[in-house]
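Chemist: Structure in structure tokens, see below.
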């Protein structure tokens with residue numbers, strides 16, 4: 001665990017050593033405000049809740065999470081430092097976990113900075129605070145799974161642009177499969193069990209379930225299992241690629 005903490009500390013501090021952190025936070029907060037108050041018509045709805053904000057969160061992280069994750073391993077591979085990391089007396093799994101947790105904590109920090117929106121809604125009315133907490137939990141899980149996808153893709157290439165584009169596409173597909181229009185398309189020629197399987201692996205399905213304010217174990221297990229599997233695949237990919 002000390003090795004994991006070392007990697008985590010180095011990676012997390014690196015975000016604030018460059019303008020990346022400021023740019024990411026400003027863009028995230030600016031878009032969050034635009035989507036919530038303008039496109040989400042928070043004031044026009046006449047209802048004090050954060051549903052407009054949470055509805056746009058997956059689409060925010062669709063681009064911002066890949067921007068964070070694209071450098072996790074692609075940069076190490078481009079600079080040749082990945083060989084140093086893999087030869088250190090630490091497990092590859094610890095390195096993968098440390099880097100992922102640093103990126104996840106940074107994204108959670110950005111999410112926490114949206115608290116003025118929560119305060120505004122609470123001041124305007126009497127929202128369901130439990131539903132808001134569940135919405136933030138759902139948002140954190142989406143950020144985590146997108147970063148885990150990005151970590152795996154980043155381990156496959158040394159080009160950050162390629163890592164970014166491929167991660168965006170994969171995250172988009174993970175969201176898209178949960179939309180009714182997509183499921184209705186498959187219903188025309190797939191059995192019900194297959195449709196339920198497609199819906200069950202969709203990020204949007206479990207995100208929407210949590211966003212309703214009902215925290216179910218199956219949704220948390222889905223996110224935890226998916227993140228663990230993606231990080232394990234990342235470690236295997238790095239171990240395989242180091243011999244190439």
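Chemist: Do we have any residue at all in the stretch 121-138 that's modelled with pLDDT of 90 or more, under 26 Å from residue 175 (Cβ atoms) and within 11 Å of the chain's Cα centre (by Cα)?
Modeler: Within the stretch 121-138, one or more residues are modelled with pLDDT of 90 or more, under 26 Å from residue 175 (Cβ atoms) and within 11 Å of the chain's Cα centre (by Cα).
Chemist: Please pick out the residue among 230, 152, 173 that is under 29 Å from residue 50 (Cβ atoms), part of a helix (DSSP H, G or I), under 21 Å from the mean Cα position of the chain (by Cα) and modelled with pLDDT of 90 or more.
Modeler: After applying the criteria, what remains is 230.
Chemist: List the helices (runs of 4 or more DSSP H) that sit entirely inside the stretch 1-116 and contain at least 2 residues that are under 19 Å from the mean Cα position of the chain (by Cα), at pLDDT 80 or above and farther than 24 Å from residue 203 by Cα.
Modeler: Working: elements: 2-15, 20-33, 42-45, 51-69, 71-79, 82-87, 92-112.
Of the helices (runs of 4 or more DSSP H) lying wholly inside the stretch 1-116, those with at least 2 residues that are under 19 Å from the mean Cα position of the chain (by Cα), at pLDDT 80 or above and farther than 24 Å from residue 203 by Cα span 2-15, 20-33.
The values are calculated or read from the model by the stated rules, or taken from the named source; none is laboratory data. None of these values were measured; they are calculated from a predicted model. Cβ: placed from backbone, ideal geometry, glycine included. Neighbour counts: every protein chain shown.
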